[in-house]
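In what follows, a single structure is set out as structure tokens and then discussed.
The values are calculated or read from the model by the stated rules, or taken from the named source; none is laboratory data. Quantities reported herein were computed from a predicted structural model and do not represent experimental measurements. As a convention, Cβ positions derive from the backbone with ideal geometry for all residues, glycine included, and neighbour counts pool all protein chains shown. The area values use the complete protein model at the heavy-atom level, side chains included, leaving out ligands, DNA and RNA. Shrake-Rupley method; radii C 1.70, N 1.55, O 1.52, S 1.80 Å.
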Amino acid sequence: MLAIIAVIAVITVPAFVAFAAANVPDRGMALDTLQVPILRGIRVMSRNGPFLRLLAAFTIVGLGPVLQGAMFPFFMQHVVGDTTSGRRSC
């Protein structure tokens, strides 16, 4: 069953991406677009409270899986007692 789903996905996903790329018009860049220097943009973002809260939330959510993955070998070695999980073979 999983092989059937994989075959369907391998066929349909590229077909739908090609269809979307061919049929969705490109808007291009607006003529009145303002180019902001990078340092000024960073200064504006650093003063934007809601943006900083959102950035902090994304950072905290992103750190969860990273810390879990980094701590897993220590958990296996010291809690479970599996001494082979700390060694890596290259």
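Kindly establish whether Gly86 is in a loop (DSSP other than H, G, I, E, B) and at pLDDT below 95.
Working: in a loop (DSSP other than H, G, I, E, B): yes; at pLDDT below 95: yes.
For Gly86, the condition - in a loop (DSSP other than H, G, I, E, B) and at pLDDT below 95 - is met.
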For this session: Please specify each residue of segment 19-40 satisfying the condition of being open to solvent by less than 70 Å² (accessible area, probe 1.4 Å) and over 23 Å from the mean Cα position of the chain (by Cα).
Result: Gly28, Ala30, Thr33
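When the residues of segment 68-83 are filtered to those that are assigned to a loop (DSSP other than H, G, I, E, B) and surrounded by 10 or more Cβ atoms within 10 Å (Cβ to Cβ), which remaining residue is modelled with the lowest pLDDT?
At the first step, the residues of segment 68-83 found to be assigned to a loop (DSSP other than H, G, I, E, B) are 81-83.
Those still in the list that are surrounded by 10 or more Cβ atoms within 10 Å (Cβ to Cβ) too: 82-83.
Numbers: Asp82: 81, Thr83: 73.
The qualifying residue modelled with the lowest pLDDT is Thr83.
Identify all residues within segment 41-62 that are assigned to a helix (DSSP H, G or I) and open to solvent by less than 80 Å² (accessible area, probe 1.4 Å); write none if there are none. Steps first, answer last, please.
Narrowing segment 41-62 to residues assigned to a helix (DSSP H, G or I): 41-46, 49-62.
Result: Gly41, Ser46, Gly49, Phe51, Leu52, Ala56, Ala57, Thr59, Gly62.
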